[in-house]
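A.B. asks: Quick one: this structure, given as structure tokens, is what I'll be asking you about.
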Amino acid sequence: MTLRWKQNTMEFKDYYKILGVSEQADASEIKASYRKLARKYHPDVSKEANAEQQFKEVGEAYAVLKDTEKRAEYDLLRQQGTRRADGGFQPPPDWQSSQADHRQYSHSSSGDFSDFFYSIFGANGGGFHQADGFQRQANQRGRDMHHKIALFLEEAYAGCQRQISFLVFEPDQNGFSRQREKTLNVKIPAGVTQGQHIRLAGQGEAGVGNGKAGDLLLEIEFAPHPYFAVDGVNILLTLPVTCWEAALGATIEVPTISGKVKVKVPKGASSGNKLRIKGKGLLGKGGKTPGDQIVTLQVHLPKTHSAEAEALYRQLSECEANFNPRHVFER
């Protein structure tokens, strides 16, 4: 069922004039004008004598003009109706709304909209009590902000205090959105990992009206390290060893993120063999069980040899004449 116009005297609302836009204005122009005026007349910041009423009128106009169907119906009513000299408005004969709900007209107890609005679109109005409504705009939560922070691996391992700066939009004393630089001293917990996010509640953009501020999400990045790499909570290291250490086995010192430790290279080791040093990785998000350090062996030979060393190599080749690492190619 559609809703017939309530035949009583009421003021016509020129929603285009209220928002300060032309009848040809597109959605982006309408939205931009609404945001500007809503900030200007917001009761929490405006010094205008009639700020609250202006704020409601701006919201009512936006509720109609942002909605394609409501705007089309309003335009038709605007063109075919008659504005009287006393400020009242007379719709076309037998005009009825296709947007109104099936209930009989009754003014909302909230008083957010004018009689003109409810006479067009009914008691529900389909408008400002929806997800994008005026009341929600008036108390809107601020946006979450994202910021990347680059750490040295040593800082990530032990934790650190860092100062960061980033740009945010916040309403000024007149309600206009202004960009400013925000600076925070941030404590980075020990053991954070590459790509991890740290949420700082309430440190994002300010909310509108009584809306809460958004959060700041810090994304952890690692600066390149001269010899360590990272895989999740594990720290990776490629470790050069001599051919005799690999052949005979040896106990050698290995650097870790927390200092040097001794490890055993097994006898007969080859390039690519891996050793695991337990607990020498990062703590990670849980912060209970640390990762490990994974050591990949890489056998190195001297670039030049003494005559004595070359003689020993010849002797070794005679002793190990039956060893042929390329036998797989002879199948």
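The values are calculated or read from the model by the stated rules, or taken from the named source; none is laboratory data. In this text, all values refer to a predicted model and were calculated from it rather than measured experimentally. Virtual Cβ from ideal backbone geometry, glycine too; neighbours counted across all protein chains shown. Only protein heavy atoms, including side chains, enter the accessible area calculation; ligands, DNA and RNA are left aside. Shrake-Rupley method; radii C 1.70, N 1.55, O 1.52, S 1.80 Å.
A.B. asks: Could you list all residues from the stretch 209-250 that are aliphatic (A, V, I, L, M), open to solvent by 40 Å² or more (accessible area, probe 1.4 Å), under 23 Å from GLY191 (Cβ atoms) and not in a loop (DSSP other than H, G, I, E, B)?
C.D. replies: Answer for the stretch 209-250, where residues must be aliphatic (A, V, I, L, M), open to solvent by 40 Å² or more (accessible area, probe 1.4 Å), under 23 Å from GLY191 (Cβ atoms) and not in a loop (DSSP other than H, G, I, E, B): ALA229, VAL230, LEU236.
A.B. asks: I've got another one for you. Counting only residues that are surrounded by 14 or more Cβ atoms within 10 Å (Cβ to Cβ) and polar (S, T, N, Q), which one in the stretch 181-208 is farthest from LEU167 (Cα to Cα)?
C.D. replies: So the residue we want is THR193.
A.B. asks: Write out, first by first residue and then by second, each pair whose Cβ atoms fall under 6 Å of each other, whose residues are 6+ apart or on separate chains, and whose first residue, in the stretch 240-253, is touching a residue at least 60 places away in the same chain (Cβ under 8 Å) while the second is open to solvent by 20 Å² or more (accessible area, probe 1.4 Å) and not β-branched (Val, Ile, Thr).
C.D. replies: Listed by first residue and then by second, the contacts come to PRO240/GLN298; PRO240/HIS300.
A.B. asks: Moving to a separate point now. Could you please let me know if PRO302 is modelled with pLDDT under 95 and surrounded by fewer than 12 Cβ atoms within 10 Å (Cβ to Cβ)?
C.D. replies: Judged against the criteria, PRO302 is a match.
A.B. asks: Here is a further query. Scan the stretch 40-77 for residues that are more than 14 Å from GLY20 (Cβ to Cβ), assigned to a helix (DSSP H, G or I) and touching a residue at least 12 places away in the same chain (Cβ under 8 Å) and report the count.
C.D. replies: In the first step, residues of the stretch 40-77 are kept if they are more than 14 Å from GLY20 (Cβ to Cβ); the result is 42-53, 55-56, 59-60, 63-64, 66-77.
Checking the rest, the ones that are also assigned to a helix (DSSP H, G or I) come to 51-53, 55-56, 59-60, 63-64, 68-77.
Cutting the leftovers down to touching a residue at least 12 places away in the same chain (Cβ under 8 Å) gives us 55-56, 59-60, 63-64, 69-70, 73-75, 77.
So the answer is 12.
A.B. asks: Same structure, new question: From the set of residues in the stretch 256-273 that are open to solvent by less than 40 Å² (accessible area, probe 1.4 Å) and within 16 Å of ASP292 (Cα to Cα), which is nearest to the chain's Cα centre (by Cα)?
C.D. replies: Among them, the one singled out is ILE257.
A.B. asks: Residues of the stretch 307-331 being open to solvent by less than 60 Å² (accessible area, probe 1.4 Å) and either not aliphatic (A, V, I, L, M) or not in a helix (DSSP H, G or I) (or both), which ones? Give the steps one after another, and end with the answer.
C.D. replies: Step one: of the stretch 307-331, the residues open to solvent by less than 60 Å² (accessible area, probe 1.4 Å) are 309, 311, 324.
Once the filter is applied, which keeps residues that are open to solvent by less than 60 Å² (accessible area, probe 1.4 Å) and either not aliphatic (A, V, I, L, M) or not in a helix (DSSP H, G or I) (or both), the stretch 307-331 yields only ASN324.
A.B. asks: Moving on to the next point. Of the residues that sit in the stretch 142-159 and are in contact with a strand residue (DSSP E or B) (Cβ under 9 Å, 6 or more places away or on another chain) and assigned to a helix (DSSP H, G or I), which one is most open to solvent (accessible area, probe 1.4 Å)?
C.D. replies: This residue is GLU154.
A.B. asks: I need the full set of residues from the stretch 12-44 which are under 19 Å from GLN140 (Cα atoms) and open to solvent by 50 Å² or more (accessible area, probe 1.4 Å), in order please.
C.D. replies: LYS31, ALA32, ARG35, LYS36, ARG39, LYS40, PRO43, ASP44
A.B. asks: Out of all the residues in the stretch 251-262, which are part of a strand (DSSP E or B) and aliphatic (A, V, I, L, M)?
C.D. replies: Across the stretch 251-262, the qualifying residues are ILE252, VAL254, VAL261.
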